Structures are given as structure tokens and as C-alpha cells.
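These notes concern the structure reproduced below.
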Amino acid sequence: MNAIKNRSRSPWLWIPTLYIAEGLPYFAVNTLTVLMYVNMGVSLADMAFFTGWLYLPWVIKPFWSPFIDLFKTKRSWTIAMEGILCATMAGVGFMLPFSFFFCATLVFFWLMAFASATHDIAADGYYMIELSDHDQAAYVGVRSTFYRIASIIGQGGLVMLAGVLEERMGNVANAWRIVFLILSAFFLIITLYHSFFMPKAAADHPVPGVTARTIVKDFAMTFVTFFNKPGIVAALCFMLLYRLPEALCIKLVQPFLVSPIAEGGLGLSTKEVGFVNGTVGVIALLAGGILGGLAIAKGGLKRWLWPMALSLTLPCGVYCFLSMAQPENFYLICSAIGFEQFGYGFGFTAFMLYLIYFSQGKQKTSHYAFCTAFMALGMMLPGMAAGWLHERLAEINIFGLNGPQGYINFFWAVMICCFATFAVCLKVKIDPSFGKKRA
């Protein structure tokens, strides 16, 4: 009877909430932390370095993902991680008013990051176990759409809410405290909801015959086969450096937007940043990604690699313009960042398709996990150094201009890093037919 009851539940009851729950913690850890810490007076160097470390769980995720098969079910792991996310978000909220908030909240963000990465593994595994191959294909668009909605909520709505609260309360710590307590309450509801409405799949159980020893042995074999793939050096360089300009930019764009004009920024309010970066920017990013997918489907990855590399890198120049001109026209700022994010979304498509291309073979799932780990590492390391680089460059007046030079010099340094993207594109080899729609 329970099996029939579970099977009668529509995936619409749990897929939308599952993928909103998958997206929100990622954006809380990797986006909200940047603006929150800057608004609370943390230096750019400390903010970038310590929040950069928060990428680590997604870097090392392939190392512990096989162990989830040893204990309990994917459903149990998913719900348990949602409970931990609820607790860690509450912990951040309660620690913000204290003088030692930076160290204390970083501990909770670390726990949140590991719980979020584990939730990704369990939720995606549950999706594949619970649904048939046909249903997986049928609902993949729903899954992607609600993850994107989480992106808009996390990078746009929550930031705008924090901005409104900052203005009304006049206290940055209390404003962000409320935001994280709201997130905590949301995850409490999600935990309870999924406890009732996520079906118990018959195939969702610990894998028989799997032990820690066999996992380590299989992982070692996967590790060896991955690093023995032809062209591995060029591929790793591509994974680490293709997005170098964006990896540097991402940690300092929001601080640049909120920094006062006198300090070289644009002087936007937190609410305005939530709109321009988290709403206009995210929508433009998604539009670029959709167009990129259509382009590759028509012409193939090899044909579109260079146009997409140029699309990903050259629009970063809008930050050079914004930092030098410091325009006050909000619509101009929105247009510039929308243009840059559209270019990034278009160019990022080639990167993701290359990871799939390089992962092809007998162990493509495991090899793809390694590729995504290097993808995260390529964002983590430059992001950690971004604040330090800004501080060093701020001491040099390269262009002979009056006023602070930090952001101007930093964004021009980002443009120089575009040559790293071009260099790795020269080295990778791609089958001309890959990605092209077959007649």
C-alpha cells in the first residue's frame, strides 16, 4: 500500500522544492558572504581569502561522494543535510551581532558548505533512483528551472531584502541576521515537507557488497584512469584557467558596486546591487547560456570554442570602463553588467560541454566528477587571491589618474588574464563533430 501511495505522488510535489533547496545554500555560501562581510567592515583581502576557502567542499566532493552509498538512503541523506543547513543558517544569524562574528560565522559557513555539497550528491542520486529514464529526461527542464529560480532568489531577492532591512533598521548586522534566520526557517519547513512528500524509492538503499575498502580501491582505479587520459595536461590547464578572468572578478564585483565613489567604487546601495547583479545579471547569464546551447547544437563545440572564449573574456572590460568612468546612471550600470553576464553565460557553455567531452569513456560519471572538482578549484584559487591583488595594485598609479586606483588597476589586470584563456584554448583538441546536432 505504501509503495502504491509513494508511486502515485507526482514528481511536481518534490522536484521544485528539492532543487530550490539545492541552489539556495550554494548561493548563500558563495555569494551572500561576499557582500555581507564587506558591508560589515571586513577587508577585501580577508573576505576574498576566507570566503574563497568555502569552495573547497565542492572541490573535494568526488572524494567522499562514494561513501554515501555505504550508509542509509539517498532520501535520508537529503533530508538530514537539509536539517543541518537549517541549523547552520540559524547559527550564522545568531552569531552576526557579536564582535567575533567573522570567525564564528565562518565556522558555520564551512559546515553549511559541506552540508550543501553532500546534499547535492544525495539529491541528484535520489532524482536518478526515484525516476525512470523517461521521467528523468521529462523533468530535467523542471529541475534546471527551479535551480535557476534559486539563483535569482539567492543572488537577487535575498540581497535586495538585506538592503531594504539595512535602510529601515540602520544596522547591517541585524539586517543580515534576519535574512539568515528567514533562510533557516525556510529550510526547517523544507526538511519537514520532504519528510512527508519525498517518496521512499524501492531502489534507494545502501549498495550491497560495497565496503570502504572497495570504494577506496575503485576510487584509486578511477584516479589512475583519469590522469592517464590522452591530453590530460592540456585538459587540466583548460579546466583551471579558462575562467580565470571571471574567477578573479567574481569576488570583487559586489564590493566594487557598493564601495563609495571616493574609494573608487560606484556607491550603489545593497538593494540596488541585489537588483543589478542578482536579478538583471542572473537573467542575462541564463539567456546567454540558452543561446550558447543552441549555437553549439548547430555548429558543434570546436567551431564555437573561440567565439565563446572571446565572449567570456572581453566583456570583462565593462568593469574597466565602470571603474574609470564611475557613472551615476543606474540604467547604464545595469546594461553594462547585463552585457558582461550575458557574455559570460554564452562563453561558459563551451566550458561545460568540454567537461562532458573530456569525460567520455567507460567511467564517464566518475571522470566528470573529477572535472567538476577542477572546475571548482579553478574558481577557488584565483578568488582567494583577488583581495590581496587589489590591495597590492591599489598602491600603483598606472594611468596617472587622480583618486583611488585599486579597482581600476585590478580590472585591467583581469583583462591581461584573458590571455590565459586564449592560451588554453590553443592547446585543447576537440572532435569537430562533438556537440553538433546529427542530421
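The values are calculated or read from the model by the stated rules, or taken from the named source; none is laboratory data. Remember, predicted model here, so these are calculated numbers, not experimental data. Methodologically, a virtual Cβ is constructed for each residue, glycine included, from the backbone with ideal geometry; neighbour enumeration extends over all protein chains shown. What goes into the accessible areas is simple: the full protein's heavy atoms, side chains included, and nothing from ligands, DNA or RNA. Shrake-Rupley method; radii C 1.70, N 1.55, O 1.52, S 1.80 Å.
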Subject >> Every residue from segment 298-336 that is within 23 Å of Gly278 (Cα to Cα) and in a loop (DSSP other than H, G, I, E, B) >> reply: Gln326, Pro327, Glu328, Asn329
Original post:
Just wondering, is there one or more residues in segment 152-169 that are closer than 30 Å to Thr73 by Cβ, surrounded by 15 or more Cβ atoms within 10 Å (Cβ to Cβ) and either out of contact with any helix residue (DSSP H, G or I) (no Cβ under 8 Å at 6 or more places or on another chain) or of a type in the set (Ser, Thr, Tyr) (or both)?
Top reply: no
Original post:
When you look at Ala21, is it within 25 Å of Val140 (Cα to Cα), assigned to a helix (DSSP H, G or I), modelled with pLDDT of 90 or more and in contact with an Asp or Glu (Cβ under 7 Å, 6 or more places away or on another chain), yes or no?
Top reply: yes
Original post:
How many residues are within 22 Å of Phe180 (Cβ to Cβ), in contact (Cβ under 8 Å) with a residue 40 or more places away in the chain and not acidic (Asp, Glu) when one looks only at segment 50-82?
Top reply: 12
**OP:** Would you check if Ala201 is open to solvent by less than 50 Å² (accessible area, probe 1.4 Å), of a type outside the set (Ser, Thr, Tyr) and either closer than 30 Å to Pro66 by Cβ or in contact with a Gly (Cβ under 7 Å, 6 or more places away or on another chain) (or both)?
**Re:** yes
Original post:
Could you count how many residues in segment 20-40 are within 15 Å of Leu106 (Cβ to Cβ) and small (Gly, Ala, Ser)?
Top reply: 1
Subject >> Among (1) among the basic types (Lys, Arg); (2) out of contact with any Pro (no Cβ under 9 Å at 6 or more places or on another chain); (3) under 30 Å from Leu70 (Cβ atoms) - the single one Arg148 does not satisfy >> reply: (3)
**OP:** Specify which of the listed residues (Leu32, Leu24, Leu18) is more than 29 Å from Asp135 (Cα to Cα) and under 21 Å from the mean Cα position of the chain (by Cα).
**Re:** Leu32
Subject >> segment 215-268, subset among the β-branched types (Val, Ile, Thr) and open to solvent by 50 Å² or more (accessible area, probe 1.4 Å), residue nearest to the chain's Cα centre (by Cα) >> reply: Ile250
**OP:** Identify all residues within segment 24-41 that are part of a helix (DSSP H, G or I) and farther than 24 Å from Leu188 by Cα; write none if there are none.
**Re:** Val34, Leu35, Tyr37, Val38, Asn39
Subject >> Filter result (of a type in the set (Val, Ile, Thr) and open to solvent by 10 Å² or more (accessible area, probe 1.4 Å)) within segment 12-58 >> reply: Thr17, Ile20, Thr31, Val38, Val42
Original post:
Pick from segment 324-369 the residues that are buried (at least 22 other Cβ atoms within 10 Å of the Cβ) and polar (S, T, N, Q): which of them is nearest to Leu294 (Cα to Cα)?
Top reply: Thr349
Subject >> Unmet criterion (only one of (1) surrounded by fewer than 17 Cβ atoms within 10 Å (Cβ to Cβ); (2) modelled with pLDDT under 85; (3) out of contact with any helix residue (DSSP H, G or I) (no Cβ under 6 Å at 6 or more places or on another chain)) for Gln405 >> reply: (1)
Original post:
Within segment 98-129, restricting attention to residues that are open to solvent by 10 Å² or more (accessible area, probe 1.4 Å) and of a type in the set (A, V, I, L, M), which residue is farthest from Gly23 (Cα to Cα)?
Top reply: Ala104
**OP:** Report yes if Glu391 is open to solvent by 10 Å² or more (accessible area, probe 1.4 Å), outside any helix (DSSP H, G or I) and within 20 Å of Pro255 (Cβ to Cβ), otherwise no.
**Re:** no
